Structures are given as structure tokens and as C-alpha cells.
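The values are calculated or read from the model by the stated rules, or taken from the named source; none is laboratory data. Everything numeric here is computed off the predicted structure, so don't read it as measured data. Don't worry about glycine lacking a Cβ; one is built from the backbone with ideal geometry, like all the others, and counts go over all protein chains shown. To get the accessible areas, we keep the full protein, side chains included, count just its heavy atoms, and leave off ligands, DNA and RNA. Shrake-Rupley method; radii C 1.70, N 1.55, O 1.52, S 1.80 Å.
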Amino acid sequence: MIVLSGGTGTPKLLMGLIRVMPEDELTVIVNTAEDLWISGNLVCPDIDTVLYTLAGMIDVRKWWGVQDDSFTTYQHLQGMGHLEKLMLGDIDRAAHIMRSELIRSGKTLTEAILEMARSMHIRARVLPMCDEPLATIIHTPEGEMHFQDFWIAHGGEPEVTGIRFRGIENAMPSREVMDALSSEDAVLIGPSNPITSIGPILGLPGFKDVLKNKHVAAVSPIIGKAPVSGPAGKLMKAMGYEVSSRGVLDCYGSVLDALFVDGTDDTDLGDAGGIKIMHTNTIMNGVEDSIGLAQSVLNYARSQ
């Protein structure tokens, strides 16, 4: 199975999937448009959350960073007047240093992530969506800002007037991503932000064309009129989509065969255009919830 992933929502589902299927049968294609360089090292927030989840290292209270990490380097840098955009833990920073050194030695981002995954004894295949650098740029009345500035520095407060993915016109799905897609029929879009987590992956030139020949299901990250977490609602509204599972359906509709929505969600999906609507529990408050949702999507994929 191939899973398209951002941070938080989809990694929670991955935590269940590796418990109900052989991990080495799982390929995760991850958003890189929120990546940025900090203090000389490349930070890949979504990729790292996936890696730490699969390695059993994720801080499940925050769903970013490493469980019980220390922040000595970050605090010392602050004390010297060097302010970083993200609060990086020491073990977390070691991953950024390793990735950056591999890239500086001539490896692609994909090669670096595959090597990191091996070092963490991860059996699933974790692939960046592309090797070219991208950036999610949020348009606000105060001006343009990187997604991390919008979400972390400004707390997601500024009004959003537009969104663009800088560099996407010059990017392509990596060879490893295309090889993975050619060998799998089932693709799952995880419950990540449809606009800034999944949007860049689907926006890569040619990616949607490949999905036309696949069986694609998605898990809605919206219940009722609100996202389970994060800025998905605000960003969907800014891009003209209703903040609901209907909006998710409209956002993904051209590639979807099925959409999983929460059993408590009574949104009128109307004519789903032949897309199968599956109701189940999509709220993942712990491992058992993750396993339950994972089993539902796996059963569906195997039935097709």
C-alpha cells in the first residue's frame, strides 16, 4: 500500500497500519513543501514525524519531535542571541545534521532519507515526494510568509489571502516515487491537511495523471465543520473549499474512488459522483483508535 502523508494526522494512522499489515509492504510518500534550513541544517518536519513514528520515537503528546528529547543546544543558542524558527530537540537535531551532511556529500534528499530510515531500523519505505526544494508560501495582508512562519511564529493568526508552492513548476516526482507508484494499485491519502500537506504532492507535474490508474481512497481530516487539528479549515476556506468532508471531497474528487468520514459526521455529501463514502471512527486518541481505522482502510483496500 502507498500512503500520501503530511504531519500529525497521517502518522497517527501509520502507527496503526504497521500493526495490522507487514511494515515492509508499506510505502509512504511525504510532503516536503514545509521543509526549511535552520542553523545550517535541513529540517523536514513532515518526513521526520513519519520517521519518528515508524521508529517508535515520536513524542505522542505533540506529534512532532522525539519522545523525552532535551533542548540544551536550542537553549544555549537562544542564550547567545541566535533565535531559531522551530524549537529543535537535541536528538531531533542529530537527524537534521545527518541528513544535511548526506546531502552536502552529494546524495539526493531521497537517498538521504532512505539511509536515515535504515539507520532507524524502519522497514517501511519512506520517500520524499521529490528531490527539488519547495516552499509553501502563505499570502497574508502583512505580506508573503513561509508556512512555518505563518503557523509557528504567527500562530496561524494572519488572514490567508492565497497560497502558492514556490518551485513546484520545476519539481518532479522522484524516480523512486514513480517506481513505487508503478508497482502498487492501492493508494491512501491520509488525514493530513488537504491544502498544504497533500496539495503539494498532488500538485507535482504528472502526479494526478498516475493516480487515474490507481484505486485511491482518502481519510477526511474534517469532522462536521472543523478540522481535527491544525490550520486545515482556515486554509481550505482561503482556497474556496467548504470546511467539511464535502470540501475534502471537492478538493480530491478528481482522483478519489472512496472517502472515509467519521461516523459522527452528518455532513450532506449529496451526489458524490460515484465516490464511495465509508463511515468509521476517524478520531485517533490512542493506539487502539489508530489500529481500528487502519484495519478499516486495509480491509477496504483488500476488497477492491
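Look at VAL255 and say whether it is of a type in the set (Val, Ile, Thr), over 16 Å from the mean Cα position of the chain (by Cα) and closer than 24 Å to MET145 by Cα. Spelling it out, it is not the case that VAL255 is of a type in the set (Val, Ile, Thr), over 16 Å from the mean Cα position of the chain (by Cα) and closer than 24 Å to MET145 by Cα.
Among all residues of the range 76-97, there is none that is open to solvent by 50 Å² or more (accessible area, probe 1.4 Å) and within 22 Å of ILE201 (Cα to Cα). Residues that are touching a strand residue (DSSP E or B) at 6+ places or on another chain (Cβ under 7 Å), buried (at least 16 other Cβ atoms within 10 Å of the Cβ) and assigned to a loop (DSSP other than H, G, I, E, B) occur in the range 273-281; there is at least one. For the range 23-46, a residue qualifies if it is assigned to a loop (DSSP other than H, G, I, E, B) and touching a residue at least 60 places away in the same chain (Cβ under 8 Å), and the qualifying residues are LEU26, ASN31, THR32, ALA33, GLU34, ASP35, GLY40, CYS44. Taking (1) more than 16 Å from the chain's Cα centre (by Cα); (2) farther than 22 Å from TRP151 by Cβ; (3) buried (at least 17 other Cβ atoms within 10 Å of the Cβ) in turn, ILE223 satisfies each apart from (2). SER229 satisfies every condition listed in (1) at pLDDT 90 or above; (2) under 18 Å from the mean Cα position of the chain (by Cα); (3) not hydrophobic (A, V, I, L, M, F, W, C) except (1).
From the list MET129, MET98, the lone residue that is of a type in the set (A, V, I, L, M), modelled with pLDDT of 95 or more and more than 18 Å from the chain's Cα centre (by Cα) is MET98.
For the range 250-272, the candidate set comprises residues that are at pLDDT 90 or above and under 26 Å from ILE137 (Cβ atoms); within that set, the residue that is surrounded by the fewest Cβ atoms within 10 Å (Cβ to Cβ) is ASP250. Selection of the range 99-141 for residues being among the polar types (S, T, N, Q), part of a helix (DSSP H, G or I) and open to solvent by less than 60 Å² (accessible area, probe 1.4 Å) yields SER100, THR110.
Once the range 168-182 is narrowed to residues that are touching an Asp or Glu at 6+ places or on another chain (Cβ under 8 Å) and more than 11 Å from GLY203 (Cα to Cα), the residue that is most open to solvent (accessible area, probe 1.4 Å) is ASN170.
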